[in-house]
Amino acid sequence: MTIVDPVLTLEDVRFRWPGRASFGLSVPGFRVEQGESVLLLGESGSGKSTLLSLICGIVTADGGRITVGGTDLSALRAGARDRFRAERIGVIFQQFNLLPYASVSDNILLPLQFAPERRSRAAAGEVATLCSALGLPDGIAGTSAGRLSVGQQQRVAVARALIGQPSLIVADEPTSALDAATQTTFLGLLFDRIAAAGSSLLMVSHDERLGARFDRVVHLSNIARTERMAA
C-alpha cells in the first residue's frame with residue numbers, strides 16, 4: 001500500500017503577536033490530507049486569520065513545525081517562504097485583493113510571475129478555461145478588474161488561486177458577502193474546479209451552514225488554544 005503524506009501538517013505550533021495587548025495562538029496538532037476539503041469554523045477574533053497567515057508563511061511561528069507538501073516553513077528565510085507560497089499555495093482573500101486597473105487575465109496570471117514551477121504547470125489557454133468553468137462571460141479576460149461586479153471579482157480571485165494547480169488552496173471567508181443562492185452557486189463552481197485540479201482546500205468561516213459541502217468540519221476551538229494579554 002502506498003502511503004500518501006498529508007498536504008499540510010501543524011505540530012506544536014505556537015505564535016504570539018508582539019505588543020503589550022497581544023494575542024497568542026497555539027495548535028498542538030492539525031493536518032489536511034491530499035485532495036481533502038476542510039472547513040475551519042470560528043467566530044470573529046478567534047484566530048482564524050492568524051492561523052492562515054502562519055500556514056501561508058506570511059508570519060512565522062515562535063515554535064513548532066508547519067509543513068506544506070513536505071517542506072518545513074520554519075526552515076525557509078522570508079524570501080524563500082514568499083516564493084514557496086507562490087509555488088505551492090493558492091490563496092483566496094476575503095477582500096479578493098485584485099489589482100483594479102489590471103485586466104482580468106493579468107490578475108489571474110499574477111501568481112505565476114513569482115512561481116516558475118507553477119507557471120510550467122499552467123496549461124495553454126488556462127485563463128480562458130478557468131473563466132468559462134467559473135461562469136464568467138466570454139471575452140472578460142481583457143476587462144479591468146475594477147469594472148467587475150463583486151461576484152465576478154470573487155470568481156476572478158478563485159481563478160487566480162487555482163491557476164497552475166497548486167496543491168493547497170486556502171480561502172479566508174470567501175462567501176461572507178454572498179446571499180444564500182449566490183453562495184450555493186459559488187461553492188459548486190469552486191468545488192468543481194478544485195476536484196478537477198486535485199487540490200486540497202482549507203476554508204475558514206464562521207458559517208456552520210457551509211459544512212455539508214466539505215469532507216470534514218473542524219472547530220478552531222477544538223484544535224487551538226488562544227490567549228489574550230490585556231494592555
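Coordinate-derived values only; no laboratory data. Only a predicted model underlies this, so the values are computations on that prediction, with no experimental measurement involved. Cβ sites come from the backbone with ideal geometry, for glycine too, and all protein chains shown count toward neighbours.
Write out, first by first residue and then by second, each pair whose Cβ atoms fall under 7 Å of each other, whose residues are 6+ apart or on separate chains, and whose first residue, in the stretch 85-104, is in contact (Cβ under 8 Å) with a residue 12 or more places away in the chain and under 20 Å from V150 (Cβ atoms) while the second is surrounded by fewer than 21 Cβ atoms within 10 Å (Cβ to Cβ) and β-branched (V, I, T).
The qualifying pairs are S103/T143; V104/I140; V104/T143.
Only one of (1) small (G, A, S); (2) closer than 29 Å to T67 by Cα; (3) touching a residue at least 40 places away in the same chain (Cβ under 8 Å) is not met by A145, so which one is it?
Here A145 meets the rest and fails (2).
For every residue, the table says whether it meets (1) buried (at least 21 other Cβ atoms within 10 Å of the Cβ); (2) among the acidic types (D, E); (3) closer than 19 Å to Q165 by Cβ.
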position: C56; (1), (2), (3): yes, no, yes
position: G70; (1), (2), (3): no, no, yes
position: A80; (1), (2), (3): no, no, no
position: A86; (1), (2), (3): yes, no, yes
position: P100; (1), (2), (3): no, no, no
position: L110; (1), (2), (3): no, no, yes
position: A123; (1), (2), (3): no, no, yes
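Give the residues of the stretch 185-231 that are surrounded by fewer than 14 Cβ atoms within 10 Å (Cβ to Cβ), in a helix (DSSP H, G or I) and touching a Lys or Arg at 6+ places or on another chain (Cβ under 9 Å), sorted by residue number.
G188
Please enumerate the residues belonging to the stretch 151-184 that are among the β-branched types (V, I, T) and assigned to a helix (DSSP H, G or I).
Taking the stretch 151-184 first, the residues among the β-branched types (V, I, T) are 156, 158, 163, 169-170, 175, 182, 184.
Within the stretch 151-184, V156, V158, T182, T184 qualify.
Regarding V13, is this residue among the aliphatic types (A, V, I, L, M), under 15 Å from the mean Cα position of the chain (by Cα) and part of a strand (DSSP E or B)?
Numbers: among the aliphatic types (A, V, I, L, M): yes; under 15 Å from the mean Cα position of the chain (by Cα): no; part of a strand (DSSP E or B): yes.
So V13 fails the test.
Any residue in the stretch 141-149 that is under 18 Å from R193 (Cα atoms) and basic (K, R)?
no
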